[in-house]
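Q: I'd like to ask some things about the structure below.
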Amino acid sequence: MAERSSAEQLAVSLRESITRLNRRVRQERPVGDLTFSQLSALTSLQLAGALTPRELADTERVQPPTMTKIVGKLEERGLVARTPHPTDRRQVILAATEQGRIVYAQFEKARNEWLAEQLAELTPDERDTLARAARILQQVARA
């Protein structure tokens, strides 16, 4: 029973730490006026390659009308483009444009640089521990 309690305590601690770290990393971004929702949608399109508006709304866990507004703003900026669906003429496919991929890369670079700066302040042993933890978390995420 003690192992179960210990595992549950670790689960709470890890989840809270990962959530706080993710929130802090998300705050690091180059100067720009993309909202978190717009950046998140652009990231989902970048990672998926292309999605229908409904798939994107589901991925982002928002209602389709909300996603329509987000996509509209991204299209206005030339970051997302619509193309006809290959098999269903009633639908479209959304994908990041070249400019969208550039903006995404800038945001990723800013986040990675911030995190690298934080990690550089750790001891070599602490960084080794985090490297092992990262591999373990990848295993947990696949389960």
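The values are calculated or read from the model by the stated rules, or taken from the named source; none is laboratory data. These numbers come from a predicted model, not from an experiment. When we count neighbours, we look across all protein chains shown, and the Cβ atoms used for this are built from the backbone with ideal geometry, even at glycine.
Q: Looking only at region 118-139, decide whether some residue is surrounded by 12 or more Cβ atoms within 10 Å (Cβ to Cβ), free of Cβ contacts under 8 Å to residues at least 24 places away in the same chain, over 18 Å from the mean Cα position of the chain (by Cα) and part of a loop (DSSP other than H, G, I, E, B).
A: Yes, there is a match, as at least one residue in region 118-139 is surrounded by 12 or more Cβ atoms within 10 Å (Cβ to Cβ), free of Cβ contacts under 8 Å to residues at least 24 places away in the same chain, over 18 Å from the mean Cα position of the chain (by Cα) and part of a loop (DSSP other than H, G, I, E, B).
Q: When region 1-52 is examined, which residues are found to be of a type in the set (D, E, K, R), without any contact (Cβ under 8 Å) to a residue 60 or more places away in the chain, under 30 Å from residue 73 (Cβ atoms) and assigned to a helix (DSSP H, G or I)?
A: 20, 23, 24 - these are the residues of region 1-52 that are of a type in the set (D, E, K, R), without any contact (Cβ under 8 Å) to a residue 60 or more places away in the chain, under 30 Å from residue 73 (Cβ atoms) and assigned to a helix (DSSP H, G or I).
Q: Give the residues of region 70-92 that are basic (Lys, Arg) and farther than 12 Å from residue 34 by Cβ, sorted by residue number. Working first, answer last.
A: Step one: filter region 70-92 for residues basic (Lys, Arg), giving 73, 77, 82, 89-90.
Within region 70-92, 82, 89, 90 qualify.
Q: Can you name the condition, by its number, that residue 128 falls short on among (1) closer than 22 Å to residue 23 by Cβ; (2) out of contact with any strand residue (DSSP E or B) (no Cβ under 7 Å at 6 or more places or on another chain)?
A: For residue 128, the exception is condition (1).
Q: Residues of region 82-93 being among the polar types (S, T, N, Q), over 14 Å from residue 49 (Cβ atoms) and surrounded by fewer than 13 Cβ atoms within 10 Å (Cβ to Cβ), which ones? If you could, list the steps in order and put the result at the bottom.
A: Of region 82-93, the ones among the polar types (S, T, N, Q) are 83, 87, 91.
From what's left, over 14 Å from residue 49 (Cβ atoms): 87, 91.
Correct list: 87 only.
Q: So residue 113 clears everything in (1) within 27 Å of residue 18 (Cβ to Cβ); (2) not in a helix (DSSP H, G or I); (3) not hydrophobic (A, V, I, L, M, F, W, C) except one condition, right? Which one?
A: (2)
Q: While we're looking at this one, here's another question. I'd like to verify a number: residues in region 23-38 that are aliphatic (A, V, I, L, M), more than 16 Å from residue 130 (Cβ to Cβ) and surrounded by 10 or more Cβ atoms within 10 Å (Cβ to Cβ), how many?
A: Qualifying residue count, region 23-38: 1.
So that you can scan it fast, the table gives a plain yes or no per residue for (1) at pLDDT 90 or above; (2) surrounded by fewer than 12 Cβ atoms within 10 Å (Cβ to Cβ); (3) within 29 Å of residue 134 (Cα to Cα):
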site	(1), (2), (3)
1	no, yes, yes
21	yes, no, yes
40	yes, no, yes
67	yes, no, no
70	yes, no, no
77	yes, no, no
80	yes, no, no
95	yes, no, no
99	yes, no, no
